[in-house]
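Worksheet for the structure shown next.
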Amino acid sequence: MKRWLRLWCVVALVASGVAVRAAESLRIVPIVHDGQVLVSVEVTGLDTDEVRETISSGLRTTFTYDVQLRMVVPVWVDRTIATAVIAVSDQYDNLTRRHTLSRTIDGRVEETMVTEDGTAARQWLTTLTRVPLCDTSKLDPNRDYYVRISARERPRGVSLFGWITTITGQAKFTFIP
């Protein structure tokens with residue numbers, strides 16, 4: 001019996017370490033500006049050997065960010081105001097040594113870029129700047145909201161942080177018009 005208890009304690013400690021690490025790996029900044037809710041995101045700790053090897057092999061590498069804007073509802077389930085799926089990909093060409101980068105929001109191609117700079121390609125994958133999420137007309141004044149983001153990678157063999165395959169984080173704000 002004590003052996004099982006020890007085993008479960010170890011599992012709980014490992015699981016709590018994963019949750020803490022995942023929370024520290026996403027930096028989310030919601031901004032209300034010019035009648036829109038904008039979101040900026042930065043993923044830290046991505047520059048691993050596995051990610052660099054996968055990109056340099058020429059395999060298309062895609063990071064998908066599931067973004068939700070939710071309203072805090074006391075004593076009930078929080079209401080989802082807006083969602084977006086942002087996919088950022090890097091296709092490296094070994095012959096020309098160029099990265100073809102693309103960003104799609106909800107399936108629409110928003111931006112593409114070709115570069116030879118590997119640092120710029122890694123920043124492209126890990127940083128989203130001022131992505132529009134919704135109009136402020138959908139928000140109630142003086143209410144608490146939060147932006148929740150889940151990030152995952154493809155191909156599945158590559159991981160953002162070794163064996164963690166999905167990371168999540170959230171940032172709260174109060175809408176004051």
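Quick look at the numbers
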| read-out | value |
| --- | --- |
| Index of the failed condition, MET71 passing every other in (1) free of Cβ contacts under 8 Å to residues at least 60 places away in the same chain; (2) more than 15 Å from GLN123 (Cα to Cα); (3) of a type outside the set (S, T, N, Q) | (1) |
| Criterion violated by THR44 - all others in (1) farther than 20 Å from PHE173 by Cα; (2) at pLDDT 95 or above; (3) under 17 Å from the mean Cα position of the chain (by Cα) satisfied | (2) |
| The range 109-131, residues that are under 19 Å from ILE149 (Cβ atoms), assigned to a strand (DSSP E or B), open to solvent by less than 70 Å² (accessible area, probe 1.4 Å) and not aliphatic (A, V, I, L, M) | THR127 |
| Filtered residues of the range 45-62 (kept if open to solvent by 60 Å² or more (accessible area, probe 1.4 Å) and in a loop (DSSP other than H, G, I, E, B)) | ASP47, SER57, LEU59, ARG60 |
| Among (1) part of a loop (DSSP other than H, G, I, E, B); (2) under 20 Å from the mean Cα position of the chain (by Cα); (3) under 25 Å from PHE173 (Cα atoms), the one test that PRO141 misses | (2) |
| Only listed residue being in contact with a His (Cβ under 7 Å, 6 or more places away or on another chain) and of a type outside the set (D, E, K, R), chosen from THR115, THR119, THR61 | THR115 |
| Pair list, Cβ < 7 Å and 6+ apart or interchain, from the range 81-106 residues that are under 30 Å from MET71 (Cβ atoms) to residues that are of a type in the set (Lys, Arg) and surrounded by fewer than 17 Cβ atoms within 10 Å (Cβ to Cβ) | ILE81/LYS138; ALA82/LYS138 |
| Boolean, VAL39 is under 20 Å from LEU125 (Cβ atoms), touching a strand residue (DSSP E or B) at 6+ places or on another chain (Cβ under 6 Å) and of a type in the set (Val, Ile, Thr) | yes |
| Output for the range 82-108, where each listed residue is open to solvent by 30 Å² or more (accessible area, probe 1.4 Å) and either farther than 19 Å from ARG152 by Cβ or part of a helix (DSSP H, G or I) (or both) | TYR92, ASP93, ASN94, LEU95, THR96, ARG97, ARG98, THR100, ARG108 |
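The values are calculated or read from the model by the stated rules, or taken from the named source; none is laboratory data. Everything numeric here is computed off the predicted structure, so don't read it as measured data. Ideal geometry is used to build each Cβ from the backbone, glycine not excepted, and the neighbour counts take in all protein chains shown. Each accessible area value is taken on the protein alone, full model and side chains, heavy atoms only, with ligands, DNA and RNA left out. Shrake-Rupley method; radii C 1.70, N 1.55, O 1.52, S 1.80 Å.
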